[in-house]
Amino acid sequence: MKPLLEVHNLTTNFHTQDGIVKAVDNVSYDVNVGEAIALVGESGCGKTVSALSILRLIAEPPGKIVSGEVLLDGTDLLKLSPDEMRKVRGAKISMIFQEPLTSLNPVLTIGRQLTEGLELHKQMSHDEAEREAINLLRLVGISNPEGRINNYPHQFSGGMRQRVMIAIAIACRPQLIIADEPTTAVDVTIQAQLLELIKGISRQYNTALMLITHNLGVVARYAHRVFVMYAGKIVEHGSALEVYHYPDHPYTAGLLASVPRLDEPRKTRLLPIKDQPPDLILLPTGCAFHPRCNYAIKRCIDEVPSLYEVDRNHYSACWIAQTGQKPWQKKSS
Amino acid sequence: MVAIPKTEVVAVRPHHTIWGDAVIRLRRNKLAMIGLAFIVFLSLIAIFAPLITPFSFSDQNYYEVLEGPSAKHWLGTDQLGRDTFARLIYGARTSLSVGIFTQFIVLCIGLPVGAISGYAGGKIDNALMRFVDVMYAFPDLLLVILLSSVFRGTYFGGSIYMIFLAIGLVAWVNIARLVRGQILSLKTRDFVSAARAMGGMGNYITWRHLLPNALGPVIVSITFNIPRAIFTEAALSYIGIGVKPPNPSWGAMINDGFSLIFAKPYMLIFPAIALALLMLSFTFLGDGLRDALDPKLRR
Amino acid sequence: MFRFIVRRILWLLLVLFVVLLITFILMHLVPGGPWDREKALSPRVIELLNRRYGLDQPLWEQFANYLWGILHGDLGISYSYSDRNVTDILLRGLPKTATLGILAFILAQGIGIPFGMAAALKQNSAIDYVSVMFATIFASIPGFVLGILLMILFSVTLHWLPTSGWGSVQQLIMPVFCLAALPAAQSARITRASTLDVMRQDYIRTARSKGLMENVVRIRHIFRNSLIPVVTVAGPELANLVTGSFIIENLFAIPGIGRLFVNGIAARDYSLIMGAILFYAFTIAILNLVVDILYAAIDPRIRYD
């Protein structure tokens, strides 16, 4: 079955005073209909930029989508005219942003921000749209939706604003929702609720989901497949369970080791990955991860590794993994 | 497989301090540099005025009244036989000194008032801000005029110090408000908590941590205050309650020349253009400073 | 909202009281009095005049009487315009000053705001550079300097426009333009800066991600938000307009309140001075109140305080 969304060799650059930042470097991933994938990595690794590139929301100076294809149901989004692209946004693909506190227009009512998409894409009348907006608010768990529809964003808490964002995203029943770190800016108790909500909605409407996050706990529970990014490139991808239990890349292993886990004894040390992520203008030679990698060999400094199917349907961009050895996998869990 | 030791150095981008960065950015701003150049140029002319022209601004020569530009009098003479060019460049002294020295008064009053108000908070803050609000409601030019009239009758009467005081006593209000606003916003910011956590307390917090950050907008505001002060002095002199003649002032020259606007327009043009250029220069400089010191534009 | 307005009006009255008090004190600190003439009048005459006009009463009594008078619309008698009522004199000057101010305001916002927005929306284009250039220049050159230069150009050299007076359209052109130049430039700069700022905000990205048409994004999302700072600075801008009008009136010999004020200062005409200052302070205060209300109407965030 053909995937719903295919990203092939996407490259997006930013021109800054100090040089060209290759935020997204030859990245490929795909999402199937109704599937949930996760895009994982540290801050600044390019996950958000790749998502914005899909929707072509990159500010043209200083950014530029340099090459690649983004196929939605076979149509290359990068080649569409601005008008055609607008019809895709909100209607076929919608996005939930990270910062609920600044992602809503402060001078418009919540109702208006819901109905404008409905009136545009679904050609609803004002009254129909308002009724649907109330339904949407109820769907995302906001009490007294009839009353709150005329409230302004500042009258909602962060968690509730994020629910409104979810409502906006699902309003026109898109085929794919991109959720960019939807729970990072919200407290832990709300995080779980929001994720359950997003997952529930996507299941209910058979909407594909692309979850962008640096939180590995989320990955394990909500995604079918996961793509790990580092310094603008995909370094590993496979099914979520496999990657989680048998990471084929030292970076992924490092990420997993730095997160506290309930199934490990409490006294187990958390092992952070040493040093900082690289400056995207002054990338190291060869594998971008090698300065922080405990297992780097000479080849890692010399050649940029490419993605290789190390196990079945499990790919890794690591020279060591490609030789069959995975010294970072200490024991099977 | 043996892991090799890390011997390479991870490359790092060059680091700039906040002031160093600001200077670099300012230098790059062409308009600001042009403005600065003009200000320096005019200042030099004003300082070395006696070396540039043999005439003084007050020498009257009844045989050479209302002459046009000539070799002897480069810009001609006015109705009292005074050399226009001399009055123009000595007038620069008046304008520049009013612009700059007024700011000292503004800072002497405004900075402490604003800082105390912002840091102390509570009743002191309230009282001071109510006072500021009232002063704000007063149309500032009119207040300056009133003060000027009052001072004229006193000992200073008609001297330039009176103008410094009149303008300064009205203009400090804006700076006080600005400083207070800065301190208030900084007080709640994270790095003050960090400083406190490290044991800083009371005055130490204010001086060491808050003021350097609050300074940016204050510097910009002062730079924009200068042309306003210059203009106010010119306006006062134009109306006739500025520096007493024969002290030179571009505003007074405009007033003098006004009745002759049809006959000898050049008497007005030069002081008017000089005033415009000086104010423009300070505005360009102010704009440049504001952009250079804006933390959001830092790399 | 209603309580908000009431509170502000009370505050306004307090401010006006203080303004009058300060003015009164300062005026009486100015040496000399309304009877100063080239040739000094005899002390006996001065004494009689003072008694007639109540100037021999203790100061606080004079002030109290004055305040009482205001409540009845009586601003006293002018000392320089031979016995005429200050209220009448000011009312005669009011239409000119008001017309000048209103026209200048409309012109200023009508040019400033659209250009500011256009400059921001088409950043780094020709219209951006030109607007910014003009805005910077006109924001720095005071109206009265501009007035002189324009006068020399259009009246002296080209003989197209008259230099002074009031009544015809030609006489209005230069004064209104000169008065409007500065606020127009300031509006343009603020609108441009705030529009640029709004354009960078997350919620604009959200709006675009919904697939909204670009002009909807501009009007409903960008414009509504970028106008907020413009309204906020409208207060000080109006104050500038008011004080600016007074200089322009003097320059173009327009018989408005500004001229009356300057003449009053020179003649130590206490009641005229007080009356003029009262007018200006009152106007500024009312305009500020209107601006505050407008601001609350535009920005829902401050409405619910």
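Filtered by the rule that a residue be within 20 Å of A:M229 (Cβ to Cβ) and surrounded by fewer than 22 Cβ atoms within 10 Å (Cβ to Cβ), the stretch A:296-309 gives A:E303, A:V304, A:S306, A:L307, A:Y308, A:E309. Restricting the stretch B:122-148 to residues that are without any contact (Cβ under 8 Å) to a residue 40 or more places away in the chain and away from every other protein chain (no Cβ under 11 Å) leaves a set whose member that is surrounded by the most Cβ atoms within 10 Å (Cβ to Cβ) is B:I124. In the set (1) under 30 Å from C:R205 (Cα atoms); (2) more than 14 Å from chain B (Cβ to nearest Cβ); (3) not charged (D, E, K, R), C:V233 fails one condition alone, (2). If you check C:A139, C:A188, C:A135 for being in contact (Cβ under 8 Å) with a residue 60 or more places away in the chain, among the hydrophobic types (A, V, I, L, M, F, W, C) and farther than 17 Å from B:F258 by Cβ, only one passes: C:A188.
Every residue, every condition in (1) at the interface with chain A (Cβ under 10 Å from one of its Cβ atoms); (2) over 29 Å from C:T283 (Cβ atoms); (3) not small (G, A, S), yes or no:
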| residue | (1), (2), (3) |
| --- | --- |
| C:A184 | no, no, no |
| C:I190 | no, no, yes |
| C:A193 | no, no, no |
| C:I204 | yes, yes, yes |
| C:V216 | yes, yes, yes |
| C:N225 | yes, yes, yes |
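Can you name the residue in the stretch A:72-94 that is outside any strand (DSSP E or B) and crowded, with 19+ Cβ neighbours inside 10 Å and, of all such residues, is farthest from the chain's Cα centre (by Cα)? Result: A:R86. Among the residues here, C:S164 does not qualify as surrounded by fewer than 24 Cβ atoms within 10 Å (Cβ to Cβ), of a type in the set (G, A, S) and without any contact (Cβ under 8 Å) to a residue 60 or more places away in the chain.
Count of the stretch A:1-47 residues, restricted to those that are more than 14 Å from chain B (Cβ to nearest Cβ) and among the aromatic types (F, W, Y), is 1.
Within the stretch A:52-65, identify whether any single residue is assigned to a helix (DSSP H, G or I), small (G, A, S) and touching a Gly at 6+ places or on another chain (Cβ under 9 Å), and answer yes or no. Within the stretch A:52-65 (the criterion being assigned to a helix (DSSP H, G or I), small (G, A, S) and touching a Gly at 6+ places or on another chain (Cβ under 9 Å)), the answer is yes, since at least one residue qualifies. Cβ-Cβ contacts under 6 Å between residues 6 or more apart (or on different chains), taken from a first residue in the stretch A:88-111 that is under 17 Å from A:L57 (Cα atoms) to a second residue that is of a type in the set (S, T, N, Q), are listed as A:R89/C:S209; A:K92/A:Q175; A:M95/C:S209; A:F97/A:S103; A:Q98/A:T184; A:S103/C:T206. For the stretch C:134-143, filtered to residues that are more than 7 Å from every other protein chain (Cβ to nearest Cβ) and either at pLDDT 85 or above or surrounded by fewer than 24 Cβ atoms within 10 Å (Cβ to Cβ) (or both), the residue that is farthest from the chain's Cα centre (by Cα) is C:F134.
Going through (1) under 30 Å from A:V164 (Cβ atoms); (2) in contact with a Leu (Cβ under 7 Å, 6 or more places away or on another chain) one by one, C:P229 falls short only on (2).
Exactly one residue out of C:A276, C:A267 is at the interface with chain B (Cβ under 9 Å from one of its Cβ atoms) and in contact (Cβ under 8 Å) with a residue 40 or more places away in the chain: that is C:A276.
When B:A86, B:A71, B:A37 are checked against the criterion of being at pLDDT below 80 and over 20 Å from B:R228 (Cβ atoms), B:A71 stands alone in meeting it. Going through (1) within 8 Å of another protein chain (Cβ to nearest Cβ); (2) in contact with a His (Cβ under 9 Å, 6 or more places away or on another chain); (3) surrounded by fewer than 23 Cβ atoms within 10 Å (Cβ to Cβ); (4) not aromatic (F, W, Y) one by one, C:K210 falls short only on (3). For A:R269, the stated conditions do not hold, so it cannot be described as of a type outside the set (S, T, N, Q), under 30 Å from A:E35 (Cβ atoms) and modelled with pLDDT under 80. Being over 25 Å from C:L238 (Cβ atoms), within 11 Å of chain C (Cβ to nearest Cβ) and touching a residue at least 24 places away in the same chain (Cβ under 8 Å) is a property that B:S97 lacks. The C-beta contact set for the stretch C:1-21 (first residue more than 10 Å from every other protein chain (Cβ to nearest Cβ) and surrounded by 13 or more Cβ atoms within 10 Å (Cβ to Cβ), second residue among the charged types (D, E, K, R) and in a helix (DSSP H, G or I), distance under 7 angstrom, 6+ apart or interchain) comprises C:R8/C:D292.
For the stretch C:219-230, which residues satisfy the criterion of being buried (at least 20 other Cβ atoms within 10 Å of the Cβ) and either over 18 Å from C:K122 (Cα atoms) or aliphatic (A, V, I, L, M) (or both)? C:I222, C:L227, C:V230 - these are the residues of the stretch C:219-230 that are buried (at least 20 other Cβ atoms within 10 Å of the Cβ) and either over 18 Å from C:K122 (Cα atoms) or aliphatic (A, V, I, L, M) (or both). For C:T283, the requirement of being under 11 Å from the mean Cα position of the chain (by Cα), β-branched (V, I, T) and surrounded by fewer than 24 Cβ atoms within 10 Å (Cβ to Cβ) is met.
Filtered by the rule that a residue be closer than 23 Å to A:I190 by Cα, more than 10 Å from chain C (Cβ to nearest Cβ) and outside any helix (DSSP H, G or I), the stretch A:95-140 gives a lone residue, A:V140.
Among the residues of the stretch B:268-282, is there at least one that is in contact (Cβ under 8 Å) with a residue 12 or more places away in the chain, over 20 Å from C:I148 (Cα atoms) and within 9 Å of another protein chain (Cβ to nearest Cβ)? The answer is yes; a qualifying residue exists. Might you check whether a residue that is under 26 Å from the mean Cα position of the chain (by Cα), within 14 Å of another protein chain (Cβ to nearest Cβ) and closer than 26 Å to C:R218 by Cβ occurs anywhere in the stretch A:155-162? Yes: one or more hits. Of all residues in the stretch C:155-177, those that are within 12 Å of chain B (Cβ to nearest Cβ) and either hydroxyl-bearing (S, T, Y) or in contact with a Leu (Cβ under 7 Å, 6 or more places away or on another chain) (or both) total 4. Considering the stretch A:27-46, the residues that are in contact with a Gly (Cβ under 8 Å, 6 or more places away or on another chain) and at pLDDT below 90 include one that is surrounded by the fewest Cβ atoms within 10 Å (Cβ to Cβ), namely A:G46. Could you check the stretch B:93-147 and list, in sequence order, the residues that are of a type in the set (S, T, Y), modelled with pLDDT under 80 and under 21 Å from B:P227 (Cα atoms)? Listed by number, the list holds a single entry, B:Y136. Say whether the condition of being of a type in the set (D, E, K, R), farther than 17 Å from A:L255 by Cα and in contact with a helix residue (DSSP H, G or I) (Cβ under 8 Å, 6 or more places away or on another chain) is met by at least one residue in the stretch A:276-292. No - not one qualifying residue is present in the stretch A:276-292.
The values are calculated or read from the model by the stated rules, or taken from the named source; none is laboratory data. These numbers come from a predicted model, not from an experiment. Cβ: placed from backbone, ideal geometry, glycine included. Neighbour counts: every protein chain shown.
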